[in-house]
Amino acid sequence: MESFIIEGGHPLKGTITPQGAKNEALEVICASILTSEPVRIQNIPDILDVNNLIQLLVDIGMKVTRNTRHDYTFQADHLNLDYLGSQEFVNKCSKLRGSVLLIGPLLSRFGKATIAKPGGDKIGRRRLDTHFQGFKALGARFVYDENRSTFEIQAKKLKGTYMLLGEASVTGTANIIMSAVLAEGTTTIYNAACEPYIQQLCHLLNAMGANISGIASNLITVVGVKVLHGAKHEILPDMIEIGSFIGMAAMVGEGVRIKNVSLQNLGIIPDTFRRIGVKINVDGNDLVIPQQKHYAVDTFLDGTILTLSDAPWPGLTPDLLSVLLVVATQARGTVLIHQKMFESRLFFVDKLIDMGAQIILCDPHRAVVVGHDRKRQLRAGRMTSPDIRAGIALLIAAMNAKGTSRIDNIEQIDRGYQNIEQRLNHIGAKITRVTE
């Protein structure tokens, strides 16, 4: 098991560049299954979740060429479909949340898919209902095998239809779009997720010969085509990592520039940090976060306590609430964090309370943070990372704390952040990776 040893109190100063977007990478890599021709994808992040997905594709027969560290070519011209039903494949899928994105492409192109209940963050139940309701509407049949915890899905020929999604699920929308591109007829998806990563997936699929309209809206129309061809695609910078860097710069920065952020695809993320008082300057396609000696939480117009809550795009992504919460511990003022989507994501706050933060955990979904206004520094401690986003929030807290902290189970952080300690040490942090 690997851990981080963090010596707190070292300010960050300099320039840092975000990695490619993890969530987009998982989607577009799976989309390469839809054609027998090469699909080249650039700006792929070198992180655990993505690397595990790539290895899973290699195991089923995908030809993978690593052009450079972040540039791959995928070709699915001879997949081993028998391996998809093996226990080895099921076991690997059960450890990787992104494996659920294999279902749509496999069902679309080959008419069948076997998938395990996917793994990933321990943040509460993550429903697959939207995925399966979409597949069923397109004509697929599926059976849950309780003994193996697998889903067997089959369809001789998917047929386009109208569907209204019960929730604007990002992975559900991605899976349904990928299953519909080769279906017979037209598929209309209402209440579709419309995050930039869904938009990017649609742009790649259209470059491969698909016919998708309504991109960037919650009403997507897919006219099925007979075959898709190869294409080239570049992944956006990771908006969650950009938000994490904003949080770090606010808490422990003495002037940090975040390069090439694709500002138009950040939505309300910068303004949300501004709501808790963080100063952010825009310089071209860069964000510059000056030193924040103090930052004050805004209030609503009637003077009531500010509430920050997650919502489907263009609302605030739930993946940044953990970072916003830890940044608020040193703000002037009080803020209510309302995590609507996952019932276990706020349970990491007990670690922050142990470090001296003033937080009231109201219930599994809501926490009130009373900021210290930098009058009391957090205390160092020993912690365990329960998931990717809580892990990075705890890392930010440890960088701010007085003394030396330890974070165990950093594999969770590695799943979403590429060489994070090396990149932060380059701009002033003091983080050491140790192995037991």
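Among the numbered conditions (1) at pLDDT 95 or above; (2) over 16 Å from the mean Cα position of the chain (by Cα); (3) not in a helix (DSSP H, G or I), the only one that LYS293 does not meet is (1). Take VAL327 and tell me if it is touching a Phe, Trp or Tyr at 6+ places or on another chain (Cβ under 6 Å) and closer than 17 Å to ILE392 by Cβ. Judged against the criteria, VAL327 is not a match.
Each row is one residue, and each column tells you yes or no for (1) without any contact (Cβ under 8 Å) to a residue 60 or more places away in the chain; (2) surrounded by fewer than 21 Cβ atoms within 10 Å (Cβ to Cβ).
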site	(1), (2)
LYS156	yes, yes
GLY172	yes, no
VAL181	no, no
THR187	yes, no
GLN200	no, no
HIS203	yes, yes
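Would you mind stating whether GLN358 is polar (S, T, N, Q) and touching a helix residue (DSSP H, G or I) at 6+ places or on another chain (Cβ under 8 Å)? It is false that GLN358 is polar (S, T, N, Q) and touching a helix residue (DSSP H, G or I) at 6+ places or on another chain (Cβ under 8 Å). For the range 11-26, state whether one or more residues are within 21 Å of PRO237 (Cα to Cα), outside any loop (DSSP other than H, G, I, E, B) and touching a Ser or Thr at 6+ places or on another chain (Cβ under 7 Å). No, that holds for no residue. Is at least one residue of the range 383-393 more than 24 Å from PRO270 (Cβ to Cβ), in contact (Cβ under 8 Å) with a residue 40 or more places away in the chain and out of contact with any helix residue (DSSP H, G or I) (no Cβ under 8 Å at 6 or more places or on another chain)? Scanning the range 383-393, I find no residue that is more than 24 Å from PRO270 (Cβ to Cβ), in contact (Cβ under 8 Å) with a residue 40 or more places away in the chain and out of contact with any helix residue (DSSP H, G or I) (no Cβ under 8 Å at 6 or more places or on another chain), so the answer is no. Contact map, the range 331-347: first residue at negative phi, second residue of a type in the set (Asp, Glu), Cβ cut-off under 6 Å, separation 6 or more or different chains; pairs are ARG332/ASP373; LYS340/ASP310; MET341/ASP310. The residues of the range 252-264 that are crowded, with 18+ Cβ neighbours inside 10 Å and closer than 21 Å to ALA21 by Cβ, listed by number, are VAL256, ARG257, ILE258, VAL261. Right, PRO318: open to solvent by 30 Å² or more (accessible area, probe 1.4 Å), within 22 Å of the chain's Cα centre (by Cα), farther than 21 Å from GLN291 by Cβ and at pLDDT below 95 or not? Taking the combined requirement at face value, the residue does not satisfy it. Residues that are at pLDDT below 95 and of a type in the set (Phe, Trp, Tyr) were ranked within the range 56-95; the one that is least open to solvent (accessible area, probe 1.4 Å) is PHE89. Among the residues of the range 208-219, those that are assigned to a loop (DSSP other than H, G, I, E, B) and either open to solvent by less than 10 Å² (accessible area, probe 1.4 Å) or small (Gly, Ala, Ser) (or both) comprise MET208, GLY209, ALA210, GLY214, ALA216, SER217.
The residues of the range 369-389 that are open to solvent by less than 30 Å² (accessible area, probe 1.4 Å) and hydrophobic (A, V, I, L, M, F, W, C), listed by number, are VAL369, LEU378, MET383, ILE388. Among the residues of the range 220-249, write down those that are over 22 Å from ASP414 (Cβ atoms), open to solvent by less than 30 Å² (accessible area, probe 1.4 Å), in contact (Cβ under 8 Å) with a residue 60 or more places away in the chain and assigned to a strand (DSSP E or B). Scanning the range 220-249 gives VAL222, ALA231, HIS233. Does GLN358 satisfy the condition of being touching a Gly at 6+ places or on another chain (Cβ under 9 Å), open to solvent by 50 Å² or more (accessible area, probe 1.4 Å) and at negative phi? Yes: the conditions hold for GLN358.
Scanning the range 60-73 turns up one or more residues that are part of a loop (DSSP other than H, G, I, E, B) and over 24 Å from ALA155 (Cα atoms). Mind listing whichever residues of the range 74-114 are of a type in the set (Ser, Thr, Tyr), part of a helix (DSSP H, G or I) and in contact with a Ser or Thr (Cβ under 7 Å, 6 or more places away or on another chain)? Result: SER108, single match.
Identify all residues within the range 24-55 that are touching a strand residue (DSSP E or B) at 6+ places or on another chain (Cβ under 6 Å), open to solvent by 10 Å² or more (accessible area, probe 1.4 Å) and closer than 10 Å to ALA231 by Cβ; write none if there are none. Passing the criteria: PRO38, ARG40.
Kindly evaluate ALA116 against the criterion of being modelled with pLDDT of 80 or more, crowded, with 18+ Cβ neighbours inside 10 Å and closer than 30 Å to ILE410 by Cα. Spelling it out, it is not the case that ALA116 is modelled with pLDDT of 80 or more, crowded, with 18+ Cβ neighbours inside 10 Å and closer than 30 Å to ILE410 by Cα.
The residues of the range 357-378 that are within 30 Å of LEU48 (Cβ to Cβ) and either of a type outside the set (A, V, I, L, M, F, W, C) or in contact with a Phe, Trp or Tyr (Cβ under 6 Å, 6 or more places away or on another chain) (or both), listed by number, are PRO364, HIS365.
Within the range 276-309, track down each residue that is closer than 21 Å to MET341 by Cβ and surrounded by fewer than 20 Cβ atoms within 10 Å (Cβ to Cβ). Passing the criteria: LEU306, THR307, SER309.
The values are calculated or read from the model by the stated rules, or taken from the named source; none is laboratory data. Since we're looking at a predicted model, the values are computed, not measured. Cβ sites come from the backbone with ideal geometry, for glycine too, and all protein chains shown count toward neighbours. We work out accessible area using only protein heavy atoms, side chains counted, and drop any ligands, DNA or RNA first. Shrake-Rupley method; radii C 1.70, N 1.55, O 1.52, S 1.80 Å.
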